[in-house]
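I have placed the structure first, in the form of structure tokens, so that the comments after it can refer back to it.
The values are calculated or read from the model by the stated rules, or taken from the named source; none is laboratory data. Keep in mind that what you see is a predicted model, and the values were worked out from it rather than measured. Cβ placement follows ideal geometry from the backbone for every residue including glycine, while neighbour counts extend to all protein chains displayed.
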Amino acid sequence: MARPLRRVGLRRPGAILHADHELWHYGAPIDAEALAAQYDHFVSLVTASGAEISWFDDADDELADSIFTYDPSFVVPGGAILLRPGKALRLGEIDVHRAFYEANNIPILGQIDAPGTVEGGDCFFLDEQTLIVGEGFRTNRAGVEQLRSILSPLGVTVESFDLPYFNGPEACLHLMSMVSPLDDDLALIHAPLMPTALYQRMLEAGYRLLHGPEDEFVESFGLNLNVLATAPREVIAVEGFPETVALMRSAGCTVQTFDASALCLPCEGGPTCMTRPLLRG
């Protein structure tokens, strides 16, 4: 999850620029000009990391959340898995991701079918053979079982953990809202929401867990914790949360930030959410 990011899939802002913020459950009306400028800055940081960007098509398909390419699919050794978002407005993104993988000759290893739901934000690799998945409002038990069946032949074990109710079914609470890997043995966490069993599991696996500050988690709607690792201990984070940045730097991380006041904070998606890592290592 934190090895050098070699290739990544992004999608430019499209429908989000004129989205109905109430329909999409955004925290404020969209400032299209500021959002687009902040996205360009984010892309420049990804490019500077050395990652090759592969662009999803940017057809005007009214899929406002499609800028958050982490969620509708997941890439594992050997190919991609098409997921099935728990947010109904995002179901059309599955075909966008299918077309992307077909166009880039990336094998599709399987997909999640109804009634199963899985969103990428609920999934992260603990190590090369262990995928951690959070069960909540966006990812359900049926989806986890399908994911387990797809990954078992690849030698990947799926371990699932229940997520808390927190702000309810309309809010976006993913597992990676409370855990962000920064290195193979280092992660930034929000302990008050983290499943106890997962906390213990990560300690047993040799992780050092950095406890993000509670006040900045609240102020950022959880996005102080949403950081993108472009290499071990090299991360991109949302600007404006100095205690979180200082905490990561104290653990030896190089942290770059960008203004996300119009892009991330109102829209429930951070730097990790805006990427679909295709190749690391």
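Some values worked out for this structure:
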| quantity | calculated |
| --- | --- |
| Restricting the range 24-72 to residues that are under 17 Å from Leu89 (Cβ atoms) and polar (S, T, N, Q), the residue that is farthest from the chain's Cα centre (by Cα) | Ser66 |
| Residue within the range 199-211 that is more than 25 Å from Phe137 (Cβ to Cβ) and buried (at least 17 other Cβ atoms within 10 Å of the Cβ) present | yes |
| Residues that are touching a His at 6+ places or on another chain (Cβ under 9 Å), assigned to a loop (DSSP other than H, G, I, E, B) and surrounded by fewer than 24 Cβ atoms within 10 Å (Cβ to Cβ), drawn from the range 236-267 | Asp259, Pro266 |
| Filter result for Ala229 (touching a Pro at 6+ places or on another chain (Cβ under 8 Å) and of a type in the set (Gly, Ala, Ser)) | yes |
| Residue among Leu126, Leu82, Leu63, Leu109 that is in contact with a His (Cβ under 7 Å, 6 or more places away or on another chain) and aliphatic (A, V, I, L, M) | Leu82 |
| Qualifying positions in the range 35-74 - acidic (Asp, Glu) and surrounded by 21 or more Cβ atoms within 10 Å (Cβ to Cβ) | Asp65, Asp71 |
| Failed condition for Phe125, given (1) surrounded by 22 or more Cβ atoms within 10 Å (Cβ to Cβ); (2) under 30 Å from Leu203 (Cβ atoms); (3) modelled with pLDDT of 95 or more; (4) of a type outside the set (S, T, N, Q) | (1) |
| Which listed residue, of Gly269, Gly281, Gly240, is within 16 Å of the chain's Cα centre (by Cα) and not β-branched (Val, Ile, Thr) | Gly269 |
| Count of residues meeting criterion [surrounded by fewer than 20 Cβ atoms within 10 Å (Cβ to Cβ) and within 19 Å of Gly222 (Cα to Cα)] in the range 162-188 | 9 |
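Each row is one residue, and each column tells you yes or no for (1) under 30 Å from Gln129 (Cβ atoms); (2) modelled with pLDDT of 95 or more.
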{"site": "Arg3", "(1), (2)": "yes, yes"}
{"site": "Arg12", "(1), (2)": "no, yes"}
{"site": "Trp24", "(1), (2)": "no, no"}
{"site": "Gly78", "(1), (2)": "yes, no"}
{"site": "Arg84", "(1), (2)": "yes, yes"}
{"site": "Arg90", "(1), (2)": "yes, yes"}
